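Visitor: The structure is given below, and queries will be raised subsequently.
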Amino acid sequence: MSNSNKRKRLEAALSGNEPDRVPVALWRHWPGDDQDAQALAAAHLKWQQDYDWDVLKVGPASSYSVVDWGVQDRWVGHIEGTREYTHRPIQQAEDWAKLQPLDPSKGMLATQLETLRLVKESVGDTVPILTTVFAPLSQAKHLADNEPMLTHLRREPELFRQGQETIIESTLRFIEAAKKIGIDGIFYAVQHARYPLLSRDEYETWGRPFDLQILNAVQDLWLNMVHLHSTDVMFDLVAEYPVQLLNWHDRETGISLSDGLQQFNGAASGGIDHWTLHQESPENTIAEAKDAMEQVNGRRLLLGTGCVAMTTTPLRNIRALRESVGR
């Protein structure tokens, strides 16, 4: 299957036309492998070889963008593949002002770019590639933990803003380097557009402007996706973002695919609850896939989960989901 066919299929889905079949993709974390470029690339290439996804979202450790500022973490067996943070460099508000922009040719950022290069070199144009980018607030959470970060945001806004601006500069540098490798878009993870973490006014001040700054920098790419994490989300705010795909927990938020697409102009990514996919047998996964495709009449959909597939998901369930759309 050539990228031209996958791209044609995705472009039909994005524009609201009927594709030859509904595009499908899953992504997950790769604990342990995500610390090494060759291992992480190999994991993704095997994942793509096994299932022939329509999009290959390259999934780093959630800490990849902040390790070079001194974050320390380890994997202790979480089934989502996420890592436990053992040291965070931001201990007080003044530390935000001390952050310096990172050089993407060094450290863990360079490891992630090398992963992208190896994947791109191997798959060429056979499948669109997305690189994962965490929103500045998410990176700040990784640097300081949520509660201290929110305290600094509210009590020391000027110091916190300095940190955010440094994070944005580093993120934009990374994106520019990734573009040179030939990515097709970014997978932009938004984790703080939700109640009660932030009020709507706070997200309008501390989330949205920085999100748009980063998304405006990728308007030359054709396949950008926002992941809106968790429940109780500020869906309408994020639905205005200038991206082609919006991925959210449609089975858990009470905002169905069809509801979401009334607010968002692009295509939805989702339809399957990642906990449903994680069950012992695939019957419920197949039922959700069928329901998802019916909700949107087979259009404007990239079928998959509302969040990462668990590392312990039964392979027969993954195969069943992939086969549910046809070859």
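Just so you know, all these numbers are worked out from the coordinates, no wet-lab data involved. Bear in mind the structure is a predicted one, so any value in this text is a computation, not a measurement. Positions of Cβ are generated from backbone atoms using ideal geometry, with glycine treated the same way; all protein chains shown enter the neighbour counts.
Visitor: Separation between the E283 and Q263 pseudo-spin-labels, each 7 Å from Cα along Cα→Cβ, expressed in nm?
Guide: Distance between label points: 3.4 nm.
Visitor: Listing R327, R154, R194 from the residue with the fewest other Cβ atoms within 10 Å to the one with the most, what is the order?
Guide: So the ranking, lowest neighbour count to highest, is R327, R154, R194.
Visitor: Provide the gained length on full extension for the span Q92 to D232, in nm with one decimal, where the gain is 0.36 nm per separating residue minus the Cα-Cα distance.
Guide: 47.5 nm
Visitor: Using θ = phi - 60° and the Karplus curve 6.51 cos²θ - 1.76 cosθ + 1.60, what whole-Hz ³J(HN,Hα) does each residue of region 24-38 get, with Gly and Pro shown as x?
Guide: Ordered by residue, 3J(HN,Hα) equals 9, 7, 10, 9, 7, 7, 10, x, x, 4, 6, 9, 9, 4, 5 Hz.
Visitor: Report, by chain and number, residues whose modeled amide H sits under 5 Å from the one on H227, excluding near sequence neighbours (fewer than 5 apart, same chain).
Guide: Y188, A189, V190, N247
Visitor: Now, a different point. I want the antiparallel fraction of DSSP beta bridges within the chain, as a percent rounded to 5.
Guide: Given both bridge residues lie in the chain, the antiparallel proportion sits at roughly 15 percent.
Visitor: Take the residue pairs K6/K180; K57/K106; K6/K46; K46/K141; K6/K57 and return only those whose Cα atoms are more than 20 Å apart.
Guide: K6/K180; K57/K106; K46/K141
Visitor: Any idea how far the Cα center of region 71-150 sits from the one of region 241-292, in Å?
Guide: Using only Cα atoms, the two centres lie 26 Å from each other.
Visitor: Two decimals is fine: what is log10 I(q)/I(0) at q = 0.13, 0.14, 0.19 Å⁻¹ for region 119-212, from a Debye sum with one equal scatterer on every Cα and no solvent?
Guide: Normalising to I(0) and taking log10 leaves -0.51, -0.57, -0.88.
Visitor: Determine the gain in length on full extension of the stretch R327-E11; use 0.36 nm per residue of separation and subtract their C-alpha separation, reporting nm with one decimal.
Guide: 112.0 nm
Visitor: Report the extension gain between Y195 and D103 in nm, rounded to one decimal, defined as 0.36 nm multiplied by the number of residues separating them, less their alpha carbon distance.
Guide: That pair, Y195 and D103, stretches by 29.7 nm at full extension.
Visitor: Let's test the formula: R0 of 30 Å, r as the Cβ-Cβ distance of Q213 and Q72. What FRET efficiency results, to the nearest 0.05?
Guide: 0.55
Visitor: Across region 121-137, in residue order, what do the Karplus-derived ³J(HN,Hα) couplings come to in whole Hz, using 6.51 cos²θ - 1.76 cosθ + 1.60 with θ = phi - 60° and x for Gly and Pro?
Guide: Per-residue couplings from phi come out as 4, 7, 8, x, 9, 7, 8, x, 10, 10, 9, 7, 10, 8, 4, x, 5 Hz.
Visitor: Translational D (Stokes-Einstein, µm²/s) of the chain at 20 °C and 1.002 mPa s when Rh comes from the Kirkwood sum over C-alpha pairs?
Guide: Answer, rounded: 108 µm²/s.
Visitor: What distance in nm separates the two pseudo spin-label positions at W222 and E158, each 7 Å out from Cα along the beta-carbon direction?
Guide: About 4.8 nm, to one decimal.
Visitor: Using the 10 angstrom Cβ neighbour count as an exposure proxy, how do K290, K120, K179, K57 rank, fewest first?
Guide: K290, K179, K120, K57
Visitor: Sticking with this one: Which part of region 80-98 falls in the paramagnetic zone of R173, meaning amide N under 20 Å from the point 7 Å along Cα-to-beta-carbon?
Guide: Answer for region 80-98: 89-90, 95-98.
Visitor: In region 134-275, if every C-alpha pair distance is counted and binned at 5 Å from zero, what percent goes to each bin?
Guide: 2, 10, 20, 22, 19, 15, 10, 3, 0
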